[in-house]
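K.L.:
Pasting a structure below so you can have a look.
The values are calculated or read from the model by the stated rules, or taken from the named source; none is laboratory data. All of these numbers come straight from a predicted model, not from anything done at the bench. FYI the Cβ positions are ideal-geometry reconstructions off the backbone, even for glycines, and counts take in every protein chain you see.
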Amino acid sequence: MTAQDYLSELFSLEGRVAVVTGGSSGIGKAIAGALAHAGARVVIVARGEQALSATVEELAGQGRETAWVSADLTTREHVRAAAEQAVRIFGEPDILVNSAGINLRPPMGDIDEAVWDRTMAVNLEAPFLLGQRFGPGMAERGFGRIIHVTSQQAHRAFVQSGAYGVSKGALESLARSQAEAWSPHGVTANTLVPGFVMTPLNQRLASDPEKVAALAARTMIGRNGLAEDFAGAAVFLASRASAYITGQAIFVDGGLSVH
Ligand SMILES: NC(=O)c1ccc[n+]([C@@H]2O[C@H](COP(=O)([O-])OP(=O)(O)OC[C@H]3O[C@@H](n4cnc5c(N)ncnc54)[C@H](OP(=O)(O)O)[C@@H]3O)[C@@H](O)[C@H]2O)c1
């Protein structure tokens, strides 16, 4: 067996179909690209059509089979419609990545029901509904990978965690519930836990060089995260290689959480 064959056996995603929410920007975009480069056909889901089509075009230019569905994941109806639209493109997915997320950040006392509802809808309900739509089919077929992108704020408060931290804590619990339900049937559910990653989500904080440097100093590696840092962990969690890892939170944070 060549080294290439060995690596393919462990990590290749050839023949797999993936749905990646938030696949048009930041961490989700990097994960969508990584899964596509590892062989999967990938449907990305987000709102903005320009960023969606630019991402797909970029990957198509590199010979990757990808497609997009535009949907606002704040309403259940749109989540359901997005799932059906995605399935019509490459068929039922083997891999579901929930990376779409919002962080509205009002001070705790100012969080009203609208902020709470929107945060829970995008960060928690959409992953739940997509899991309910795709998880049972994955279990029936005997293979599936559910990967949620959570946050260090699932584990501790950080810069006005508010409703966001709550949604991410619940998302980690959702991964464990899904893992408990479907792991006996070959479907794993895990979370990737970012620390501070330089993406559009953090534009405001990232424009303050002093804060950026202070956050980098809190990691062990000495720099803040980049979207590309998630590629390897995502391919691993999506592949056969991670078959015995389920219900886990994998921190991709340069050591921030243990420093
Ligand atoms: N960056 C960090 O430091 C960090 C830290 C911890 C956790 N995270 C988590 O990592 C995930 C990705 O974050 P990121 O930093 O990559 O953010 P990002 O660059 O802002 O990307 C967010 C993605 O989600 C999509 N999205 C947002 N609201 C949506 C909605 N209502 N319906 C459908 N799609 C929606 C966005 O596209 P549209 O706007 O076009 O819809 C975009 O594709 C999030 O879950 C975030 O909470 C990030």
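K.L.:
For region 82-94, does any single residue satisfy the condition of being within 11 Å of the ligand (Cβ to nearest atom) and either outside any helix (DSSP H, G or I) or buried (at least 16 other Cβ atoms within 10 Å of the Cβ) (or both)?
P.N.:
Yes, region 82-94 has at least one match.
K.L.:
Please determine whether any residue of region 105-114 is modelled with pLDDT under 95 and within 12 Å of the ligand (Cβ to nearest atom).
P.N.:
Within region 105-114 (the criterion being modelled with pLDDT under 95 and within 12 Å of the ligand (Cβ to nearest atom)), the answer is yes, since at least one residue qualifies.
K.L.:
Answer with yes or no whether SER12 is closer than 22 Å to ILE147 by Cβ and surrounded by fewer than 18 Cβ atoms within 10 Å (Cβ to Cβ). Step through it out loud before you land on a result.
P.N.:
Numbers: closer than 22 Å to ILE147 by Cβ: yes; surrounded by fewer than 18 Cβ atoms within 10 Å (Cβ to Cβ): no.
Spelling it out, it is not the case that SER12 is closer than 22 Å to ILE147 by Cβ and surrounded by fewer than 18 Cβ atoms within 10 Å (Cβ to Cβ).
K.L.:
Still on this structure, please answer the following. Please count how many residues of region 13-50 are outside any helix (DSSP H, G or I) and out of contact with any helix residue (DSSP H, G or I) (no Cβ under 8 Å at 6 or more places or on another chain).
P.N.:
Going through region 13-50 one residue at a time, the tally reaches 4.
K.L.:
So which residues in region 10-26 are in contact with a Leu (Cβ under 9 Å, 6 or more places away or on another chain) and more than 22 Å from GLY135 (Cβ to Cβ), if there are any at all?
P.N.:
Of everything in region 10-26, those that are in contact with a Leu (Cβ under 9 Å, 6 or more places away or on another chain) and more than 22 Å from GLY135 (Cβ to Cβ) turn out to be SER24, SER25, GLY26.
K.L.:
Which residue pairs have Cβ atoms closer than 7 Å, lie 6 or more positions apart in sequence or on different chains, and pair a first residue in region 40-59 that is more than 13 Å from GLY28 (Cα to Cα) with a second residue that is part of a helix (DSSP H, G or I) and away from the ligand (no atom under 11 Å from the Cβ)?
P.N.:
Cβ pairs passing all conditions: ARG41/PHE90; LEU59/GLY33; LEU59/ALA36.
K.L.:
Go over the candidates GLU228, GLU210 one by one and state the one that is of a type in the set (Asp, Glu), more than 15 Å from SER257 (Cβ to Cβ) and within 13 Å of the ligand (Cβ to nearest atom).
P.N.:
GLU228
K.L.:
State which residue is surrounded by the most Cβ atoms within 10 Å (Cβ to Cβ) when the search covers only region 112-145 and only residues that are aliphatic (A, V, I, L, M) and closer than 21 Å to ARG88 by Cβ.
P.N.:
Checking each candidate, the answer is ALA126.
K.L.:
So which pairs qualify, if the first residue must be in region 202-226 and more than 21 Å from LEU104 (Cβ to Cβ), the second must be of a type in the set (Val, Ile, Thr) and in a helix (DSSP H, G or I), the Cβ gap must be under 7 Å, and the two must be at least 6 apart or on different chains?
P.N.:
Note: pairs meeting the criteria are ASN224/VAL212.
K.L.:
So in region 1-38, with the set limited to residues that are away from the ligand (no atom under 16 Å from the Cβ) and of a type in the set (S, T, N, Q), which one is farthest from VAL56 (Cα to Cα)?
P.N.:
Among those residues, the one meeting the criterion is THR2.
K.L.:
Can you pull out the residues in region 115-136 that are among the small types (Gly, Ala, Ser) and within 14 Å of the ligand (Cβ to nearest atom)? Even if it seems obvious, please write down each step before you answer.
P.N.:
Let us first name the residues in region 115-136 that are among the small types (Gly, Ala, Ser), namely 121, 126, 131, 135.
Matches in region 115-136: ALA121, ALA126.
K.L.:
Still on this structure, please answer the following. Scan region 70-81 residue by residue and report those that are touching a residue at least 24 places away in the same chain (Cβ under 8 Å) and surrounded by fewer than 22 Cβ atoms within 10 Å (Cβ to Cβ).
P.N.:
Scanning region 70-81 gives SER70, ASP72, THR74, THR75, ARG76, ARG80.
K.L.:
Note down all Cβ pairs under 7 Å where the first residue falls in region 139-158 and is away from the ligand (no atom under 14 Å from the Cβ), the second is of a type in the set (Asp, Glu) and modelled with pLDDT of 95 or more, and they're at least six residues apart or on different chains.
P.N.:
Taking only residues 6 or more apart or on different chains, the pairs are PHE143/ASP94; GLY144/ASP94; ARG145/ASP94.
K.L.:
A further question on this structure: So which residues in region 39-61 are away from the ligand (no atom under 16 Å from the Cβ) and closer than 20 Å to ARG240 by Cα, if there are any at all?
P.N.:
Quick first cut of region 39-61, residues away from the ligand (no atom under 16 Å from the Cβ) only: 39-41, 60-61.
Scanning region 39-61 gives GLY39, ALA40, ARG41.
K.L.:
Looking at ARG64, ARG88, can you tell me which residue is of a type in the set (Lys, Arg) and without any contact (Cβ under 8 Å) to a residue 24 or more places away in the chain? Reasoning before the result, please.
P.N.:
Values: ARG64 fails: without any contact (Cβ under 8 Å) to a residue 24 or more places away in the chain.
Just one listed residue meets the conditions, ARG88.
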